[in-house]
Amino acid sequence: MSEQEKGVVQPAVEATENTNEMTMEDVVVQTNEPIISMKKLAAAGVQYGHQMRKWNPKMAKFIYTSDRGIYIVDLKKTVTKIEEAYAKLKEIVNNKGTVLFVGTKKQIQGIIKEEALRSGSFYINTRWLGGTLTNFRTILGRIRYLKDLETQETDGTLALLPKKEANNLRKLKEKLFKNFEGIKEIRGLPKAVFVVDPMVDHNAVAEARKLNIPVFGITDTNCDPDLVDFPIPGNDDAVGSVKLIVQTLADAIVEAKGGAPVVAYTSDDDYLAKLAALKELNKPNENRHPRRDRRYEERPAAPAPAAEPTVKIDAKEE
C-alpha cells in the first residue's frame, strides 16, 4: 500500500521568505483532509448566483438564500456534489476512460486548456462543432486531414504548389487546428464530458446524453440541473470560481493516474495563504505603464502670467 493510500501527510515544501517565488505546486497535499471545503469555495466566490429574476425553479433545492437581489448557492450541497463528481471521475479514469473538458466562453478558455493538459485529458475551448460526438467518424477524418496538411507544410510539399492554392491550404489548416487542437490525438469517444456552462454548450450536453456518456457540469441558478448527470451548483461566470472547480475535478484525474493533486485535500489555511501569495504575485506593476502613471504625478505649478504692460497714450493737444 502506498503512502498516499495510507493517508500519510506528504512533507510540506518550506515557504521562502519571498512570496513571489511561491507557485501552486508548493501547496501541501494532505490526503486525510476533505476533498474541498466551504471556506475554499467561498473564497473563490462559488456561492454567488444570478439575479433573482433570472433563475430556474429546478435550482431551488440548491439555493440557500438571497442577498440584494442575487441568489446565494448552498455551499454544503456544492461540497457534496463535488465529492460525488470527484469519486465518479476517479472511477472512470481507473477503468482506462478518457475525459473531455468543454468550455467555450472566452474568459475560461485558458483554464480549460491548462487543466486538461495538466490532467492528460482532451478539451474543446473555442467552438463546439455539431456532430463532434454523434458523427465522430467524420470528425476523425477531418483530424487526419489536418495532420496531412501539417505534414505537407513540414516536408515542403505546400511550397511546391501555386502560391494561391498553398495560402488557401494554410488557412484551412489554421482553421482546423483551432477547432481540433484539443482533440487532435483522440482515438475514441470519451467516457465522460465535463461542461462548464451547460446552457452555453448545450449541443455538447445533448450529444453526450444521446450517446449515454456521463455529463459533469457547473449549474448556476439560471440553469436546469437535469441537463447533466452530475450537477455542481455554483458560479459559472467568475473566473476564480470556475478555475477552482475545474482544478478540483482535474485533480481527480491526476490522482487516478498516480499524480499529486493541486487543490484537492489541501487544508484551508495553506490554500488561502497560497491564494494570497498568487494574488500578490499577479498584482500589476505600478511602473508597467509609465506614460499612464505620468498623469498622476505632481506637476510643478504653472508660473503666474506676466502682467500686461501698460501703454501710456498721450492726449492730443488741442
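The values are calculated or read from the model by the stated rules, or taken from the named source; none is laboratory data. Predicted model only: the values in this text are computed from it and were never measured. For neighbour counting, all protein chains shown are included, and Cβ atoms are generated from backbone atoms with ideal geometry for every residue, glycine included.
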Residue within region 248-255 that is of a type outside the set (Asp, Glu) and surrounded by fewer than 19 Cβ atoms within 10 Å (Cβ to Cβ) present: no
Residue in region 130-143 that is closer than 25 Å to Lys210 by Cα, assigned to a helix (DSSP H, G or I) and in contact with a helix residue (DSSP H, G or I) (Cβ under 6 Å, 6 or more places away or on another chain) present: yes
Qualifying residue in region 82-93 (condition: more than 17 Å from Cys223 (Cβ to Cβ), of a type outside the set (Lys, Arg) and touching a Lys or Arg at 6+ places or on another chain (Cβ under 6 Å)): yes
Candidate set from region 238-261 (those that are assigned to a loop (DSSP other than H, G, I, E, B) and closer than 20 Å to Met38 by Cβ); member that is nearest to the chain's Cα centre (by Cα): Ala238
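Each row is one residue, and each column tells you yes or no for (1) over 27 Å from Lys88 (Cβ atoms); (2) modelled with pLDDT under 95.
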residue	(1), (2)
Asn179	yes, yes
Glu185	no, yes
Lys191	no, no
Val196	no, no
Lys210	no, no
Ile213	no, no
Asp237	no, yes
Scan of region 225-236 for residues that are surrounded by fewer than 24 Cβ atoms within 10 Å (Cβ to Cβ) and either without any contact (Cβ under 8 Å) to a residue 60 or more places away in the chain or under 17 Å from Tyr123 (Cβ atoms) (or both), ordered by number: Leu227, Val228, Asp229
Failed condition for Lys106, given (1) over 30 Å from Met38 (Cα atoms); (2) surrounded by fewer than 14 Cβ atoms within 10 Å (Cβ to Cβ): (1)
Residues within region 207-238 that are charged (D, E, K, R) and within 25 Å of Gly110 (Cβ to Cβ), tallied: 4
Count of residues meeting criterion [surrounded by 20 or more Cβ atoms within 10 Å (Cβ to Cβ) and touching a Ser or Thr at 6+ places or on another chain (Cβ under 7 Å)] in region 185-224: 4
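Kindly provide the set of residues from region 56-77 that are without any contact (Cβ under 8 Å) to a residue 12 or more places away in the chain and not acidic (Asp, Glu), ordered by number.
Those that are without any contact (Cβ under 8 Å) to a residue 12 or more places away in the chain and not acidic (Asp, Glu): Pro57, Ala60, Thr65, Arg68.
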Given (1) of a type in the set (Asp, Glu); (2) assigned by TED's automatic domain parsing to the domain that holds Glu91; (3) at pLDDT below 95, index of the condition Asp229 fails: (3)
